[in-house]
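Readers should treat all values here as calculations from the given coordinates under stated rules, not as data from a laboratory. Remember, predicted model here, so these are calculated numbers, not experimental data. Here Cβ is always computed from backbone atoms with ideal geometry, including for glycine, and neighbour counts include all displayed protein chains.
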Amino acid sequence: MSTANYEQRRAQIEHYFDRTAADTWAKLTSDVPVSGIRRTVRAGRDAMRETLLGWLPEDLAGRRVLDAGCGTGALAVELAHRGAEVVAIDLSPTLVELARERIGEDTGSGSIEFLVGDMRHLDLGNFDHIVAMDSLIHYAPGDGLQTLAAMATNVSRSIVFTFAPKTPVLALMHRVGQLFPRGDRSPAIEPIGVDYLRRSLQAIDDFDDWSVARDSRINSGFYISHGLEIVRR
């Protein structure tokens, strides 16, 4: 996909999370009561976050970690409590400000630097690990792979990320959703096949010295997401 299309989709994502659905995401990522459908999404996101954290060392003292698409900061604070020096970035100034307010000084033995910006166009030095939870799912597969390749040049140990798996159930959910258009609809999720993703990673020069490690799928009502770990050999 061309850079222009990537930038167009990025603008849609920023508008959605920063304006259209900021209040919705603030509630979803809190402990306030939500609808049945959103409860399944909340539970699924919690389970996926725990899965990705489980693929990282319990002791992250002295390591730099990028939280790419940090949202309201739930994952970033967990990383900081393990001792990591966390750089947490998101397109949405509203969500980043909410993350700052929620977390405050609660960073344990680590630290968090919150930034507003594009995870694909950064000059923040090198990292030991990068986490990208549900931040690539709105981009076309080619753009998602290019973003991962850009990240790979600045990380020494591992990247853990999620993508929307191409499944019949997810495809049906998307088709049904299109029958009921709403003004607050998020940018479309772009499913990708697991085997296709693995083959594509192997074909990219930036991943010549990387290996696919663990993976896990979370199915929780309206939340279907697949986590993947890639490690530098």
Take every DSSP beta bridge with both residues inside the chain and express the antiparallel ones as a percent of the total, to the nearest 5.
45 percent
For a test of the definition: using alpha carbon positions, the gyration tensor, and the 1.5 limit on a/c, classify the chain as rounded, prolate or oblate.
rounded
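Multiply the residue gap between A140 and D59 by 0.36 nm, knock off their C-alpha separation, and tell me the result in nm, one decimal place.
Numbers: separation 81, 0.36 × 81 = 29.16 nm, distance 3.45 nm.
My answer for the length gained is 25.7 nm.
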Report the net charge of residues surrounding G108, where surrounding means a beta-carbon distance below 11 angstrom and charges are Lys +1, Arg +1, Asp -1, Glu -1.
-2
Chain lengthening between T167 and V32 when straightened (0.36 nm per residue, less Cα-Cα):
45.5 nm
Go through 34-42, 137-145, 21-29 and give me the packing order, highest mean Cβ count within 10 Å leading.
137-145, 21-29, 34-42
Show log10 I(q)/I(0) for segment 1-108 at q = 0.23 Å⁻¹, two decimals, from a solvent-free Debye sum over equal Cα scatterers.
-1.29
Sum of -39500 (n - 2.57) over DSSP H runs of 4+, divided by residues of the chain (222 nm, nearest 500)
-12000 deg cm²/dmol
Could you give the dipole magnitude of the chain about its Cα centre, charging the beta-carbon of Lys and Arg +1 and that of Asp and Glu -1, in debye to the nearest 20?
900 debye
Report the label-to-label distance for S211 and D195 in nanometres (one decimal), using points 7 Å from each Cα along the Cα→Cβ vector.
2.3 nm
Considering only the other residues whose Cβ falls under 15 Å of the Cβ of A80, what net charge follows from Lys and Arg at +1 and Asp and Glu at -1?
-3
Where labels lie 7 Å past Cα in the beta-carbon direction, separation of R233 and T40 in nm:
4.1 nm
Ranked output for segments 149-156, 85-92 by mean other Cβ atoms within 10 Å, highest leading, reads 85-92, 149-156
Based on the Cα gyration tensor of segment 1-56, what are the three equivalent ellipsoid semi-axes, each the root of five times an eigenvalue, rounded to whole Å and given largest first?
26, 18, 9
Treat each spin label as a single point 7 Å out from the Cα along the C-beta direction, and report the N5 to T24 distance in nm.
2.5 nm
